[in-house]
Amino acid sequence: MKNIAVLGSTGSIGRQTLEVISNLGPGYRVVALAAGSNDRLLAEQVKRFRPEMAALSDMEAAGRLAERVRSENCLVEGGPDGQLAAATWPSAGLIVMAQVGFSGFEPLVAALKDGKMIALSNKESLVVGGEILERLGMLDRNRIFPVDSEHSAIWQCLGSPTSTAEVNRIFLTASGGPFFGWKIKKLERVTAEMALKHPNWQMGAKITIDSATMMNKGLEAIEAKWLFDLSLEQIEVVIHRQSIIHSMVEYIDGSIIAQLGRPDMQLPIQYALTYPERKASRTERYNPFGQTLNFEQPDRENFPCLELAFQAARAGGTMPAVLNGANEIAVEKFLSGSIGFTQIPQVIERVMLRHDIVENPGFEDVIEADSWSRRKAAGIIDELTGRVI
Ligand code: MG
């Protein structure tokens with residue numbers, strides 16, 4: 001029996017994870033659920049999956065949840081402590097981390113400290129915390145199973161997360177998003193509505209915007225660096241419009257191994273849940289007959305977020321946390337219509353330029369860098385939009 005906790009259960013990956021668990025049937029049990037503020041959906045999930053505990057970050061929403069599931073035998077917790085309780089829930093062996101953004105960082109640290117197995121979808125937690133977790137010897141690669149499709153692909157090509165000594169480089173594939181081939185002038189007119197339509201993947205709002213700016217691939221490069229113990233020079237981003245090859249590994253002898261499949265998150269989610277086994281799945285099959293697969297260079301000039309992420313990773317210390325915090329604010333402000341699409345990288349770059357890096361940061365330094373970055377980004381956005389002169 002695999003006892004599973006799902007954090008971020010009301011989001012896109014969380015909901016798909018629960019569908020996969022439901023399809024897998026006996027042998028997979030949900031023991032804890034956690035989300036942000038959606039008490040209505042979490043209550044439905046509690047009634048359907050009957051976990052031992054459920055948590056919401058929002059205290060008022062947690063109160064409403066307790067009311068909604070009063071007749072269930074389920075402990076309800078609220079606030080940040082509830083998220084940590086779900087991440088370290090005693091009967092849970094595998095923790096699915098499907099939260100959005102920096103909010104995944106502290107639960108990941110808590111789950112690692114507690115010796116849990118982790119199915120990791122929340123890439124931001126490794127972006128901000130990879131360096132410190134590695135330095136403290138907490139990045140146990142045998143306990144972290146990637147859910148991100150590209151990283152799942154690399155993991156499957158490697159066979160084992162620790163066999164990277166024979167790897168020359170990896171090809172991290174990117175669809176290029178809805179605006180591939182567009183230049184700055186045209187990108188200036190992109191609206192949130194346009195950016196939310198991804199050609200291949202159905203995802204949450206934040207990651208869909210990150211895909212459109214290419215920041216997602218930058219964050220994924222940093223995620224891959226820590227997950228597979230690679231140098232940045234070993235990570236090659238390649239545009240692959242069809243999203244059929246989910247990434248490739250080139251070994252030192254020149255042999256390249258790729259993982260293919262239709263773009264459907266249920267597959268990488270399921271593999272992280274059933275690993276080391278494979279189980280039958282309901283995903284649609286890829287039919288290779290008559291198909292063509294193309295590969296191109298990414299456009300770093302018109303999509304500067306990709307390069308900003310590599311710069312932050314090279315700088316190290318607290319800079320990746322600053323990149324991530326500024327990006328989260330910029331994306332939020334773009335979605336609400338306060339800034340334009342091409343202002344997202346401008347905001348991030350300005351915040352990064354003003355940051356004094358803390359080398360070898362502790363957990364508190366990372367948390368402080370994240371909130372500093374958010375404040376700075378908000379201030380810079382006020383300047384850009386003319387609210388402060
Ligand atoms: Mg991905």
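Read-outs throughout are calculated quantities, based only on the coordinates presented, and are distinct from any laboratory measurement. What you see is a predicted model, and the numbers here were worked out from it, not measured in a lab. Quick reminder, even Gly has a Cβ in these numbers, built from the backbone with ideal geometry, and neighbours come from all protein chains shown.
Quickly run through the range 241-259 and pick out the residues that are out of contact with any Asp or Glu (no Cβ under 6 Å at 6 or more places or on another chain) and either surrounded by 21 or more Cβ atoms within 10 Å (Cβ to Cβ) or hydroxyl-bearing (Ser, Thr, Tyr) (or both).
Those that are out of contact with any Asp or Glu (no Cβ under 6 Å at 6 or more places or on another chain) and either surrounded by 21 or more Cβ atoms within 10 Å (Cβ to Cβ) or hydroxyl-bearing (Ser, Thr, Tyr) (or both): 243, 248, 249, 255, 259.
Specify the residue that is farthest from the ligand (Cβ to nearest atom); the eligible residues are those in the range 161-215 that are part of a helix (DSSP H, G or I) and free of Cβ contacts under 8 Å to residues at least 40 places away in the same chain. Break it down stepwise before answering.
Initially, the range 161-215 is screened for residues part of a helix (DSSP H, G or I), giving 164-166, 184-187, 192-195, 205-213, 215.
Filter once more, so that each one left must be free of Cβ contacts under 8 Å to residues at least 40 places away in the same chain: 165, 185-186, 193-194, 208, 211.
Numbers: 165: 25, 185: 28, 186: 25, 193: 22, 194: 21, 208: 11, 211: 8 Å.
The residue in question is 185.
Are there any pairs with C-beta distances below 8 angstrom linking a residue in the range 132-150 that is of a type in the set (D, E, K, R) to a residue that is in a loop (DSSP other than H, G, I, E, B) and away from the ligand (no atom under 16 Å from the Cβ), with the two at least 6 apart or on different chains, and if so which?
135/360; 141/161; 141/162; 141/229; 143/115; 143/116
Residues being surrounded by fewer than 12 Cβ atoms within 10 Å (Cβ to Cβ) and either basic (Lys, Arg) or under 24 Å from the mean Cα position of the chain (by Cα) (or both): count how many of those fall in the range 273-297.
Count: 6.
Can residue 318 be described as of a type in the set (Val, Ile, Thr) and surrounded by fewer than 19 Cβ atoms within 10 Å (Cβ to Cβ)?
no
Among (1) more than 12 Å from the chain's Cα centre (by Cα); (2) within 21 Å of residue 98 (Cβ to Cβ); (3) in contact (Cβ under 8 Å) with a residue 24 or more places away in the chain; (4) more than 10 Å from the ligand (Cβ to nearest atom), there is one condition residue 153 misses while meeting the rest; what is its number?
Against the list (1) more than 12 Å from the chain's Cα centre (by Cα); (2) within 21 Å of residue 98 (Cβ to Cβ); (3) in contact (Cβ under 8 Å) with a residue 24 or more places away in the chain; (4) more than 10 Å from the ligand (Cβ to nearest atom), residue 153 comes up short only on (4).
Select from the range 136-150 the residues that are of a type in the set (A, V, I, L, M, F, W, C) and within 15 Å of the ligand (Cβ to nearest atom) and list them in ascending order.
Answer for the range 136-150, where residues must be of a type in the set (A, V, I, L, M, F, W, C) and within 15 Å of the ligand (Cβ to nearest atom): 145, 147.
Restricted to the range 93-115, and to residues that are touching a residue at least 60 places away in the same chain (Cβ under 8 Å), surrounded by fewer than 24 Cβ atoms within 10 Å (Cβ to Cβ) and under 14 Å from residue 5 (Cα atoms), which residue is nearest to the ligand (Cβ to nearest atom)?
94
Which fully enclosed strands (runs of 3 or more DSSP E) of the range 1-106 have 1 or more residues being touching an Asp or Glu at 6+ places or on another chain (Cβ under 7 Å)?
Where strands (runs of 3 or more DSSP E) fall fully within the range 1-106 and carry at least 1 residues being touching an Asp or Glu at 6+ places or on another chain (Cβ under 7 Å), they are 28-35, 53-56, 75-78.
With the structure loaded, tell me whether residue 350 is surrounded by 15 or more Cβ atoms within 10 Å (Cβ to Cβ) and among the basic types (Lys, Arg) or whether it fails that test.
Yes; evaluated as a whole, the condition is true for this residue.
Which of the residues belonging to the range 220-243 are more than 14 Å from the ligand (Cβ to nearest atom) and closer than 21 Å to residue 267 by Cβ?
228, 241, 242, listed by residue number.
Looking at the structure I just gave you, is residue 133 touching a Phe, Trp or Tyr at 6+ places or on another chain (Cβ under 8 Å) and within 16 Å of the ligand (Cβ to nearest atom)? Reasoning before the result, please.
On the way: touching a Phe, Trp or Tyr at 6+ places or on another chain (Cβ under 8 Å): yes; within 16 Å of the ligand (Cβ to nearest atom): no.
No; evaluated as a whole, the condition is false for this residue.
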